[in-house]
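In what follows, a structure is listed as structure tokens, so that the remarks can point back to it.
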Amino acid sequence: MTMKFTFLGTGSVKAAPVYGCDCPVCQRALANTDYRRHPACGVLEVNGMRLLIDAGYLNLEQKFPPGSLDAVLLTHFHMDHVQGLFPMRWGMGKTIPVFSPDDPAGCDDLFKYPGIFDFSQKTQPFETFVFQGLSITPVPLVHSKLTMGYVFELDGKRLAYLCDSGTLRRDVETYLQTHSIDLMILDCDQPPLENAPRNHNDLTRALQIFDQVKPSQLVLTHISHNLDDYFMRHPDCLPENLHIGYDNQTWSI
Ligand SMILES: [Zn+2]
Ligand SMILES: [Zn+2]
Ligand SMILES: [Zn+2]
């Protein structure tokens with residue numbers, strides 16, 4: 001069986017087009033919507049099961065007709081990762097389980113008025129659980145809010161989704177080194193910076209993680225207009241097997 005991951009979004013909170021920005025990246029995204037980046041999130045499909053990973057994409061209901069989504073898995077409760085749930089919660093029909101870090105604050109009034117979503121499933125660091133045959137291990141990430149990355153395992157293949165995240169904790173790095181990763185999807189918000197940003201990776205730190213963990217393939221997400229501008233000016237800056245993520249792009253392992 002294969003794990004098929006499709007990006008719904010690959011953008012940071014300042015992804016092209018940034019409102020009012022006249023940089024070449026934002027102008028390109030305005031002229032051609034193929035270059036837009038929606039908030040970072042995606043859908044993982046395994047054997048007919050569909051798992052939404054983060055929910056910052058607006059108009060989720062247009063992507064997922066009733067009954068087409070089996071569960072939602074959240075990395076954390078920042079608005080750009082959950083905002084799509086707000087209008088959808090008032091829907092009708094089957095309850096959709098939401099797995100999320102145990103952050104009592106949640107986001108706005110989502111816990112008070114969950115609607116069709118059930119937020120009772122909490123993910124704990126390194127406590128593996130199984131959802132419809134898919135093994136999922138939460139790994140704690142360094143971010144300004146309680147955040148989990150997730151390692152999915154199926155038939156000996158592993159996909160790691162790590163967003164939003166600054167430098168990896170030592171125990172997470174060790175876990176990823178000792179559990180070979182076939183496909184890693186990693187937060188990289190900024191072009192190379194002198195000092196490592198606290199809550200996200202810049203390209204320098206993302207390259208370091210690629211070297212340290214050695215996944216077979218690494219795809220960057222949570223990309224800002226600054227980073228896209230850097231990619232425009234340095235089209236050959238990435239090593240082999242390290243890729244720029246794009247909305248609607250699919251990866252299978
Ligand atoms: Zn811009
Ligand atoms: Zn965040
Ligand atoms: Zn974010």
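A compact table of results
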quantity: Reciprocal of mean inverse Cα separation for the stretch 40-91 (Kirkwood radius, Å); calculated: 11.1
quantity: The chain, dipole about Cα centre (Lys/Arg Cβ +1, Asp/Glu Cβ -1), debye to the nearest 20; calculated: 280
quantity: Protection proxy ranking, peptides 179-189, 41-51, 208-218, average beta carbon neighbours within 10 Å, highest first; calculated: 179-189, 41-51, 208-218
quantity: Most to least packed among 137-143, 89-95, 105-111 [average Cβ atoms within 10 Å]; calculated: 137-143, 105-111, 89-95
quantity: Sequence-distant residues sharing a close amide H with Met184 (under 5 Å, placed H); calculated: Ala160, Gln217, Leu218, Val219
quantity: Evaluated over the stretch 178-253, the Cα radius of gyration and Dmax, each in Å; calculated: 12.1, 36
quantity: Coil-residue GluC sites (Glu not before Pro) of the stretch 107-198, DSSP, other Cβ within 10 Å capped at 13; calculated: Glu127, Glu194
quantity: Positive-end extreme of charge dipole, the chain - chosen from Gly56, Ser68, Val139 (charges on Cβ); calculated: Ser68
quantity: Percent of beta bridges antiparallel (DSSP, the stretch 3-252, rounded to nearest 5); calculated: 55
quantity: Set Lys63/Lys122; Lys112/Lys214; Lys122/Lys157 screened for pairs whose C-alpha atoms are more than 31 Å apart; calculated: Lys112/Lys214
quantity: Cysteines having no other Cys beta carbon under 4.7 Å from their own, within the chain; calculated: Cys23, Cys41, Cys107, Cys163, Cys188, Cys237
quantity: Positive-end residue of Ser224, Tyr246, Gln208, charge dipole of the stretch 208-251 with Cβ unit charges; calculated: Gln208
quantity: Phe117 long-range amide H proximity, modeled H, under 5 Å; calculated: Ile96
quantity: Relative contact order (%) - the chain, alpha-carbon pairs under 8 angstrom, separation at least six; calculated: 19
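Where a number appears in this text, it was derived from the coordinates with a stated rule and is not lab data. Computed from a prediction, not measured in an experiment: that's the story for all the values here. Glycine also receives a Cβ, built like all others from the backbone with ideal geometry; neighbour counts cover every protein chain displayed.
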